[in-house]
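This report refers to the structure that appears directly beneath it.
The values are calculated or read from the model by the stated rules, or taken from the named source; none is laboratory data. Note that the coordinates shown come from a computational prediction; the quantities given were computed from them, not determined experimentally. Here the Cβ positions follow ideal geometry from the backbone for every residue, glycine too, while neighbour counts run over all protein chains shown.
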Ligand code: FAS
Ligand code: PHB
C-alpha cells in the first residue's frame, strides 16, 4: 500500500492533521494503537485557544464547538480566601472556549468516518523505516499480520509514550525535562460548576483548579503527592480537601456528588529537539509535554499541526518545501514559550515540598503583583488565550 502521509496516532494531533490534509485532497492514513472508544474515554484538556478553534473550523469540524462550547472571558486566581479576576478579553480582546478534548476528538473521528478516510485501530509493533532516506515506509501488525505502507512523509502524533520520538537517533535528538514533585488528582462529577469561570487556587495546602465541561458536568483537580493513587481518595475526602483550598465564599457554594472519573496525572515539562528528522515530523505530545496548569498541552499540539499542515500543503500544491524545512524551528519557537508559561503558572500556584519561608514570601509577592498590576495581568492574558502562530 502507498499513501502520501502516514499519521501515527489517532489522538487530537493526528486526527486534526488528517482532517486538514483531507481538505486539500492530500491522502493520509491514521494508525491508532487503541480503539476509538478507548481514545474517547480519556478525560484530558478542557480549554481551547483561539488558534485551536480556528483550526477546527478550517478542518470543517467547528460547528458543535460553536454551539456547545462555553466562552470564557477570564479566570479567577485565588490565594487562600482572597481572589481576583484576570480578564483576558479586557486585556486582549479575545476569550477562550471551554470544550473538552474528548469532544474535539469525537468531532474529528465523526468527520473522518463521514469522509470515509482510513483509520487502522488496534495496531501493534509500529515501526518507522527509511525516514532519513527517499523511501520511507511504516510497518505495523494488526491481528498478528504484518502490513506495510510506503509514504512520502510520516507524522509522529503518537504522544509521549509513542514510538515516533524514539525513531530519531540519540545522536540527533536532544531532550529537555523537568519533573515536578507532585501530580494532579482530577475528578469529573455530574454537578453544576462552582463558578461560571475557572478558579485557579493557590493555598497553604496546595493547588486546586475548578473547571467544567458543561452546566452539569464539573472537572476539579487538587495537587497531590506522587505516591498517591486514585483509590487512596474517597470522593468525600476529595471534596473536603478541595473546599479547604478554595476561597470560603466559593467552597460554601460547591455542589458535591459522586465522581464518574477519577485519575492522577503526573506533571512534567519536556521538549525534544529537533521535531523533524528527514521525512518524520513529530507533533504534539510526541515532541513536548507541559504541566496542565496553563492549559497549553492540546493547544500547543494544535499549533504544531498548523505549521506541519501549511508545510505539506505548500509542498504538494506548489512543490515548495520551505515550509517543511522550517517546521521544527517554527514549532519549537512557540513550544518553548508555552513551556515557559506553563512552568511559570505551575511555580506560581503550587506548593513545592522544599519551599523555604522565603520562597513562600516570594510566591505570595508574585501573586500580589499579578493581582495589582495591569501589565502583569495583560502578559498572563496574552499567554493564556494563545500567542500568535
Ligand atoms: P495523545 O497522547 O492525546 O494521542 C496520541 C495517540 O497515539 C493516542 O491515541 C495513543 O493511543 C496513540 N499511540 C501511542 N503509541 C502509538 C503507537 N505506537 N502506534 C499507534 N498509535 C499510538 N492538556 C491540557 O491542555 N489540559 C489538561 O488538563 C490536560 N490534562 C492531561 C491529562 C493527562 C493524564 C495527560 C496524559 C495529558 C493531559 N493534557 C492536558 C495534555 C493532553 O491534552 C495532550 O496535550 C494531548 O492529548 C495531545 O494530543 P496528541 O499529541 O494527539 O497526543
Ligand atoms: C480542564 O478543564 O480539564 C482544565 C482547564 C484548565 C487547565 C487544565 C485543565 O489549566
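Annotations for the structure displayed:
- Those residues of the stretch 137-189 which are within 16 Å of ligand 2 (Cβ to nearest atom) and over 19 Å from the mean Cα position of the chain (by Cα), in sequence order: 189
- Some residue of the stretch 126-135 being modelled with pLDDT of 95 or more, more than 16 Å from ligand 1 (Cβ to nearest atom), touching a strand residue (DSSP E or B) at 6+ places or on another chain (Cβ under 7 Å) and over 20 Å from residue 33 (Cα atoms): yes
- Scanning the stretch 323-338 for residues that are assigned to a helix (DSSP H, G or I) and closer than 14 Å to residue 310 by Cβ gives 323, 324, 325, 327, 328, 329, 330, 331, 334.
- Residues within the stretch 276-293 that are in contact with a helix residue (DSSP H, G or I) (Cβ under 7 Å, 6 or more places away or on another chain), assigned to a helix (DSSP H, G or I) and within 8 Å of ligand 1 (Cβ to nearest atom), tallied: 3
- Looking only at the stretch 217-237, and only at residues there that are more than 25 Å from residue 364 (Cβ to Cβ) and within 15 Å of ligand 2 (Cβ to nearest atom), the one that is surrounded by the most Cβ atoms within 10 Å (Cβ to Cβ): 218
- Test: residue in the stretch 60-83 that is within 14 Å of ligand 1 (Cβ to nearest atom), in a loop (DSSP other than H, G, I, E, B), more than 30 Å from residue 379 (Cβ to Cβ) and out of contact with any strand residue (DSSP E or B) (no Cβ under 9 Å at 6 or more places or on another chain): no
- Candidate set from the stretch 63-72 (those that are touching a residue at least 40 places away in the same chain (Cβ under 8 Å) and buried (at least 17 other Cβ atoms within 10 Å of the Cβ)); member that is nearest to residue 202 (Cα to Cα): 72
- Output for the stretch 198-215, where each listed residue is more than 12 Å from ligand 2 (Cβ to nearest atom), assigned to a loop (DSSP other than H, G, I, E, B) and closer than 16 Å to residue 241 by Cβ: 203, 204, 205, 206
- Residue match in the stretch 183-190 (condition: buried (at least 19 other Cβ atoms within 10 Å of the Cβ) and free of Cβ contacts under 8 Å to residues at least 60 places away in the same chain): no
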